[in-house]
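Novice: Please see the structure below; I have some questions.
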There are 2 protein chains.
Amino acid sequence: MFKPVGSAIAAAAMLAAGALAQEAAELDAEIAATTQLLIEQARADEIGLNFVEDLTTEVGQRLAGSESEARARDWSVAELTELGFDNVRVEAFEIPFWSRKSESVAVTSPAPQNLVATALGGSAATPTGGVTGEIVRFESLAELQAAPISQVDGKIVFIDEETIATMDGSGYGMGVRKRSGCARAASDKGALACLIRSVGTQPHRMPHTGIMARDGAEGAGPAAAISGPDADQLTRLLERGPVTVSVDIQTEIKTNAPSGNVIAEVKGTDLSDEIILLGCHLDSWDLGTGALDDGAGCGIVVGAARLIADLPEPPRRTIRVVLYGAEEVGLFGATAYAREHGDHLDKHILASESDFGAGPIWRFQTRFGDAALPYARTIQSVLSPLGVTPGDNRARGGPDIGILARSGVPVVTPGQDGIDYFDYHHTPDDTFDKIDPEEFRQNVAVYAAFAYIAAETGWDFRKQAEPESAGTQ
Amino acid sequence: MFKPVGSAIAAAAMLAAGALAQEAAELDAEIAATTQLLIEQARADEIGLNFVEDLTTEVGQRLAGSESEARARDWSVAELTELGFDNVRVEAFEIPFWSRKSESVAVTSPAPQNLVATALGGSAATPTGGVTGEIVRFESLAELQAAPISQVDGKIVFIDEETIATMDGSGYGMGVRKRSGCARAASDKGALACLIRSVGTQPHRMPHTGIMARDGAEGAGPAAAISGPDADQLTRLLERGPVTVSVDIQTEIKTNAPSGNVIAEVKGTDLSDEIILLGCHLDSWDLGTGALDDGAGCGIVVGAARLIADLPEPPRRTIRVVLYGAEEVGLFGATAYAREHGDHLDKHILASESDFGAGPIWRFQTRFGDAALPYARTIQSVLSPLGVTPGDNRARGGPDIGILARSGVPVVTPGQDGIDYFDYHHTPDDTFDKIDPEEFRQNVAVYAAFAYIAAETGWDFRKQAEPESAGTQ
């Protein structure tokens with residue numbers, strides 16, 4: 001059975017979602033029955049789980065713009081074709097490319113020792129042989145930004161801010177601010193390099209990489225993350241006196257590297273020009289094999305779409321699976337998709353991306369027109385036996401879907417329990433063994449259920465309430 | 001409070017220790033009271049815990065024969081002198097030295113990807129640029145040893161045997177057999193290199209190093225451990241077809257490198273020539289900072305001895321703390337100590353080494369003369385409120401103490417709960433944050449208590465029963 005969410009959390013979620021606790025729309029009995037069948041089948045899913053296992057094994061890591069990401073596109077096209085999807089294709093685009101060649105961070109004085117570090121994506125290279133300087137420690141990016149130049153000039157900055165584990169991943173935002181801002185703020189004040197405490201929540205020497213800024217290959221300065229235990233070690237050394245550290249980061253950059261979105265469809269019937277978009281991203285960071293981020297998301301949406309395709313009759317609307325390229329390095333796939341399909345966004349009925357690992361889904365957030373909220377209530381009710389509680393109507397839909405949401409496409413965010421997601425995310429430890437098959441299958445069930453209902457009912461999720469007639473009172 | 005050991009386990013231990021469940025020797029009331037005072041003080045220990053924190057911070061890793069191990073000796077002499085110990089000194093010796101310079105293991109075909117690997121201690125170097133060959137996988141060392149040469153020749157061997165987590169660390173022995181034997185068995189059959197599944201119990205990409213053989217710097221061939229998730233990845237790839245891997249290991253070796261044992265004492269009174277030896281080892285592997293292996297052990301015995309030294313009167317016998325050098329690479333410190341002190345082993349009344357992390361002690365094993373077993377019962381009774389159950393009389397006393405035990409010196413093994421010890425041991429993750437202060441202090445209490453009783457009572461732990469008189473039927 002799926003783990004139920006603690007009743008206190010569920011009650012709080014119900015309370016917060018007050019606005020949604022309204023009348024549900026009626027769901028056709030036959031659609032309801034088919035949805036139950038999909039949920040049952042999802043609980044025995046093999047196709048989705050095999051997709052992640054095979055992708056992460058037969059391709060491995062999939063750094064955006066690399067030869068590996070290109071292999072992942074070829075692999076996906078072959079696999080999705082083999083699985084019988086319609087209109088399998090790649091929509092190609094180009095991106096700036098950044099890759100680490102080598103990196104080392106070491107205390108040189110007073111107690112020479114290596115630190116476990118990883119260059120941040122987009123880090124500038126150091127001169128060959130590295131830079132060596134005294135550490136100046138800050139508790140936060142804001143503290144660095146407020147510091148006088150004299151405190152930073154010629155030194156190596158160290159921001160020692162912890163990342164908080166939360167169910168909804170909200171602790172990550174703070175972490176990303178320091179990851180994005182450190183090199184720029186440090187360089188502007190004459191620092192030689194920036195080190196940050198890894199944006200991760202696990203207690204291991206397992207540092208977390210990630211993009212510094214969307215300008216991709218042109219970082220503001222050399223920057224690396226050191227693991228939590230290494231950050232503690234540096235802080236303990238600093239409590240004892242001045243500490244000198246060397247940082248050596250060598251990189252490879254290219255201006256125009258190939259990337260692309262892989263698209264596959266389950267073609268609808270009488271409403272086949274209307275799209276239910278299920279997204280994920282195909283690229284990953286280079287340290288792990290991108291199993292949780294975001295092989296799992298791709299397996300979930302492929303598994304869900306494949307179950308729908310296997311129904312005796314396809315649904316009325318088209319289910320479009322989009323495996324976005326180059327998400328990690330600046331949402332380049334999202335931009336390319338919007339550019340390519342911008343003239344048909346009105347035909348995008350609903351969109352959702354799975355990109356938060358494979359933890360169990362515990363709430364159902366939407367961004368629907370206000371008159372469409374009864375549809376949200378209906379779908380959540382169907383998902384309720386899977387442990388899914390009502391969410392608010394402020395969903396963002398996922399990183400690659402944000403651009404669609406901002407253009408008015410209704411979106412859904414099935415909220416996963418991500419309490420341990422940042423234990424693995426962007427680290428070498430993001431590997432297939434970290435996926436719990438049972439929890440993964442609950443995700444497939446949720447995606448299959450809401451996508452099928454959205455595709456088969458013909459509901460309009462943009463629907464706004466009629467303006468009240470003026471003049472009364 | 002200290003965690004009590006599960007009652008089922010305790011009951012089983014009582015049963016197994018039947019031979020010890022005999023009459024206890026009487027403990028002088030004043031000694032008993034002082035022992036209780038030591039236990040209370042140990043529960044607030046700062047000196048022992050600071051010793052580990054400072055050693056692992058201010059020195060860091062302490063690879064045998066390295067400049068770091070030399071710094072650790074200097075640091076320890078200064079620290080132990082500062083703490084007021086008597087006769088603080090180094091007994092120097094030389095060892096063969098091995099160090100990794102670089103290592104990389106990568107799948108080159110069919111799906112190029114890096115594997116997280118660490119060279120085993122004593123690994124031979126590969127030719128510059130590494131070796132590349134097809135993987136041949138075995139489930140165990142025995143299976144490799146039984147394989148025909150034709151199956152192995154020109155290939156890279158991979159032994160994919162899991163390490164089992166156990167409370168007493170007994171799963172480690174099997175792991176060590178493959179670590180010790182793989183390179184020799186592989187090389188003898190013409191293999192290019194050997195890879196083993198890491199001798200560790202954690203699910204992270206955190207490979208475990210360790211010595212291959214006691215011949216130190218002269219390994220039989222190139223050998224590395226890959227982490228559990230990487231071993232799983234390699235096995236998944238092999239399920240799909242042939243896999244080619246490259247292994248590049250570069251090393252530094254020296255014939256005569258300096259090492260040494262650091263010794264400090266709490267000088268006894270009327271029996272000061274009689275020694276209660278408390279040991280640990282000062283060297284560590286190079287990946288972590290050797291906090292659990294064996295900074296903790298040194299902190300425990302230093303903390304315990306220091307509490308005894310702070311009593312209003314020193315005990316009758318001398319407490320000798322020995323921080324052994326070069327344990328990891330072949331027990332060189334143990335051999336040097338036995339060589340140096342071999343003429344006085346009869347004056348070694350009792351010996352014990354702490355070298356299994358900082359988990360709570362749950363049983364009290366001894367190797368005493370049979371007529372001295374009542375002393376074991378008495379000491380265990382004193383330790384019982386700390387959660388310590390009776391153990392058998394087959395203790396080995398710890399790795400560096402084994403040579404003394406085999407020469408007839410009575411030994412004690414306070415058995416720690418090591419269920420998670422091999423999650424960290426010999427990996428980059430063996431760092432100070434992995435030590436639980438409360439569990440650490442329970443260890444200090446146990447060592448302080450039994451060492452004080454042994455030093456103050458004058459008991460003879462070698463005592464054998466009188467042979468029964470012959471002739472009576």
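Bear in mind these aren't lab numbers, they're just calculated from the coordinates by the rules spelled out. These numbers were taken from a predicted model, which means no experiment stands behind them. A quick note on method: Cβ atoms are made from the backbone with ideal geometry, for glycine too, and the neighbour counts reach across all protein chains shown.
Novice: Could you work out how far helix A:67-82 tilts from the main Cα principal axis of chain A, as a 0 to 90 degree angle to the nearest 10?
Specialist: Here the helix axis deviates by roughly 20 degrees.
Novice: Tally Lys and Arg at +1 and Asp and Glu at -1 over the other residues with C-beta under 10 Å from the C-beta of residue B:34: what net charge comes out?
Specialist: Details: positive: none; negative: B:28, B:30, B:313, B:456.
Neighbourhood net charge equals -4.
Novice: Same structure again: For a Förster distance of 51 Å, can you work out the FRET efficiency between the beta-carbons of residue B:269 and residue A:106, rounded to the nearest 0.05? Don't jump to the answer; show the numbers that get you there.
Specialist: Details: r = 49 Å, r/R0 = 0.95.
Approximately 0.55, to the nearest 0.05.
Novice: Could you name the residue in chain A with the C-beta closest to the rotation axis that superposes chain A on chain B, along with the separation in whole Å?
Specialist: A:204, 3
Novice: Taking the range B:118-149, which GluC sites (Glu not before Pro) meet the DSSP loop condition and have no more than 13 other C-beta atoms within 10 Å?
Specialist: Values: sites: B:134, B:139, B:143; in loops: B:139.
Passing sites in the range B:118-149 are B:139.
Novice: I've got another one for you. Treating the Cα atoms of the range A:64-138 as identical point scatterers in vacuum, please give the log10 of the normalised Debye intensity I(q)/I(0) at q = 0.19, 0.27 Å⁻¹, two decimals.
Specialist: -0.91, -1.32
Novice: Could you pull the copy-to-copy label distances for residue B:340, with points set 7 Å along Cα to Cβ, in nm to one decimal and sorted shortest first?
Specialist: Label point to label point, same position, other copies: 7.2 nm.
Novice: Moving on to the next point. What is the sum of charges around residue A:75, taking Lys and Arg as +1, Asp and Glu as -1, for the other residues whose C-beta is under 10 Å from the C-beta of residue A:75?
Specialist: Details: positive: A:62, A:71, A:73; negative: A:54, A:58, A:74, A:79.
Once positives and negatives cancel, what remains is -1.
Novice: Cβ under 15 Å from residue A:130's Cβ, residue A:130 left aside: what net charge do those residues give with Lys, Arg +1 and Asp, Glu -1? Before the final figure, lay out each step's value.
Specialist: Details: positive: A:100, A:101, A:155; negative: A:103, A:134, A:248.
With Lys, Arg at +1 and Asp, Glu at -1, the neighbours total 0.
Novice: Using Cα atoms only, what is the angle between the long axis of helix A:171-188 and the major principal axis of chain A, expressed in degrees (0 to 90) to the nearest 10?
Specialist: 40 degrees
Novice: Counting other Cβ atoms within 10 Å, keep those with at most 13, restrict to DSSP loop, and tell me which trypsin sites (Lys or Arg not before Pro) in the range B:203-279 are left. The partial results should precede the final answer.
Specialist: Numbers: sites: B:205, B:214, B:236, B:240, B:254, B:267; in loops: B:205, B:214, B:267.
Of the trypsin sites (Lys or Arg not before Pro), the ones in loops of the range B:203-279 whose Cβ has at most 13 other Cβ atoms within 10 Å are B:214.
Novice: Reachable aspartates and glutamates from residue B:178, Cα under 14 Å, same-chain residues fewer than 8 places away excluded?
Specialist: B:139, B:143, B:160, B:161, B:162
Novice: Let me ask something else. Tell me which of B:380, A:440, A:104 sits at the most positive position along the dipole axis of the protein assembly as shown, charges placed on C-beta atoms (Lys, Arg +1; Asp, Glu -1).
Specialist: The listed residue farthest towards the positive side: A:104.
Novice: Angle, helix A:228-240 long axis vs. longest principal axis of chain A, Cα atoms, 0 to 90°, nearest 10?
Specialist: Helix A:228-240 sits roughly 30 degrees off the main axis of chain A.
Novice: So if the hydrodynamic radius of chain B is defined as the Kirkwood radius over C-alpha pairs, what does Stokes-Einstein give as its diffusion coefficient at 4 °C and 1.567 mPa s, in µm² per second? All intermediate terms of the calculation are to be shown ahead of the outcome.
Specialist: Working: Rh = 23.2 Å.
Stokes-Einstein gives a translational diffusion coefficient of 56 µm²/s.
Novice: With a cut-off of at most 13 other beta carbons within 10 Å, and DSSP calling the residue loop, which trypsin sites (Lys or Arg not before Pro) in the range B:326-409 qualify? Please list them.
Specialist: Numbers: sites: B:339, B:347, B:363, B:367, B:377, B:394, B:396, B:406; in loops: B:394, B:396.
Those that pass, being in a loop and sparsely packed, are B:394.
Novice: Separate question: At 7 Å along Cα-to-Cβ for each site, give me the label-to-label distance between residue A:50 and residue B:240 in nm.
Specialist: 1.3 nm
Novice: How long is the gain from residue B:36 to residue B:345 if the chain were fully straight, where each residue apart is worth 0.36 nm and the alpha carbon distance is subtracted? Don't skip to the answer; put the middle values down first.
Specialist: On the way: separation 309, 0.36 × 309 = 111.24 nm, distance 3.00 nm.
Taking residue B:36 through residue B:345 to full extension adds about 108.2 nm, to one decimal.
Novice: Mind putting together the pair-distance distribution for the range A:374-470? All Cα pairs, 10 Å bins, whole percent per bin, short to long.
Specialist: So the P(r) values, bin by bin, are 12, 37, 33, 14, 3, 1, 0.
Novice: As an exercise, find the ratio Rg/Rh for the range A:217-293 from alpha-carbon atoms, using the Kirkwood inverse-distance average for Rh. Walk me through the numbers before you get to the answer.
Specialist: Details: Rg = 22.5 Å, Rh = 18.4 Å.
That ratio equals 1.22.
Novice: Let me ask you something else. Shortest first and in nm with one decimal, please list how far the residue A:267 label point sits from its counterparts in the other copies (point 7 Å along Cα→Cβ).
Specialist: Going from nearest to farthest copy, the values are 9.7 nm.
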